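A.B. asks: If you scroll down you'll find the structure; I have some questions about it.
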Amino acid sequence: MKILVINGPNLNMLGIREPEIYGRQTYADLVAAVEGWASEMGLDVEVYQSNHEGEIVTKIQQAYFEKADGIVINAAAYTHTSVAILDALKAVQIPAVEVHLSDIHVRDEFRKHSYVSLYAEKMICGKGFEGYREALGYLAEKLK
Ligand code: DQA
């Protein structure tokens, strides 16, 4: 089972950016954790990060042609702004789970709205890296 994990802008700065919100673990730590969980679950995972909206749209489109079975997406700030990412998810119709490290419901008002949620089957937020494990587990169970 092929899962694409997409991380949006500034997530490559984990460990440096606002550690009081996002913790001290780095992006490399996140990738290693996700790859470890995926292999335990028998999933074939690709972990992708981009700071560019259009590149994320293109990656979602490629997931269709490469026959990905599921998507885990933390679109970061684009969560709250990007109709293009929402439309790409709707275009490919691949089951998707939305993840956020922080709890977007208890932060700034503008973070409460998520375009990604208009497509994603499930949102997991406020659980740090663990949210990615839950998202992988959800897709592994659903798609088996
Ligand atoms: C985030 C929450 C977003 O509001 C923010 O813009 C991010 C990260 C999270 O993982 O908590 O960059 O998606």
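The values are calculated or read from the model by the stated rules, or taken from the named source; none is laboratory data. Keep in mind the model is a prediction, meaning the values are calculated, not measured. As a convention, Cβ positions derive from the backbone with ideal geometry for all residues, glycine included, and neighbour counts pool all protein chains shown. Ligands, DNA and RNA are stripped out before the accessible areas are found, and what is left, the full protein with its side chains, is counted by its heavy atoms. Shrake-Rupley method; radii C 1.70, N 1.55, O 1.52, S 1.80 Å.
A.B. asks: How do the peptides 73-82, 87-96 rank, highest first, by the average count of neighbouring beta carbon atoms within 10 Å per residue? Provide the component values of the computation, followed by the final result.
C.D. replies: Working: 73-82: 21.2, 87-96: 16.9.
My ranking of the peptides, most packed first, is 73-82, 87-96.
A.B. asks: Explain nothing, just compute: Karplus ³J(HN,Hα) = 6.51 cos²θ - 1.76 cosθ + 1.60, θ = phi - 60°, for every residue of the range 102-116 in order, whole Hz, x for Gly and Pro.
C.D. replies: Karplus-based 3J(HN,Hα) across the range 102-116 equals 8, 8, 5, 7, 10, 10, 4, 4, 5, 8, 6, 8, 10, 5, 4 Hz.
A.B. asks: Now, a different point. Modelling each spin label as a point 7 Å along the Cα-to-Cβ direction, I'd like the residue 142/residue 39 distance in nm, to one decimal.
C.D. replies: The modelled label-to-label distance comes out at 2.6 nm.
A.B. asks: Enumerate the amide H contacts of residue 49 below 5 Å, restricted to partners 5 or more residues apart or on another chain; note that Pro and chain-start residues carry no placed amide H.
C.D. replies: Residues meeting the amide H criterion: 7.
A.B. asks: Taking the Cα centre as origin and putting +1 on Lys and Arg beta-carbons and -1 on Asp and Glu beta-carbons, what dipole magnitude results for the range 2-143, to the nearest 20 debye? Show your work: numbers first, answer last.
C.D. replies: Working: 13 positive and 20 negative charges, 36 e Å.
It comes to approximately 180 debye.
A.B. asks: Where the accessible area of the chain is counted over protein heavy atoms with a 1.4 Å probe, how much of it, in %, is carbon and sulfur? If you can, show how the numbers build up before the last one.
C.D. replies: On the way: 3480 of 6970 Å².
Result for the chain: 50 percent of the exposed heavy-atom area is carbon or sulfur.
A.B. asks: Which value, in Å², gives the accessible area per residue of the range 2-143 when a 1.4 Å probe is used on the protein heavy atoms? Mind dumping the intermediate values first?
C.D. replies: Numbers: 6730 Å² over 142 residues.
Per-residue accessible area for the range 2-143 comes out at 47 Å².
A.B. asks: With every protein chain left in place, what is the accessible area of residue 1 in Å² (1.4 Å probe, nearest 10)?
C.D. replies: Taking all protein chains as shown, residue 1 has close to 80 Å².
A.B. asks: Another question, then. Out of residues 5 or more away from residue 72 or on other chains, whose amide H comes under 5 Å of its own, with H placed 1.01 Å from N in the peptide plane?
C.D. replies: Amide H neighbours of residue 72: 4, 5, 6, 97.
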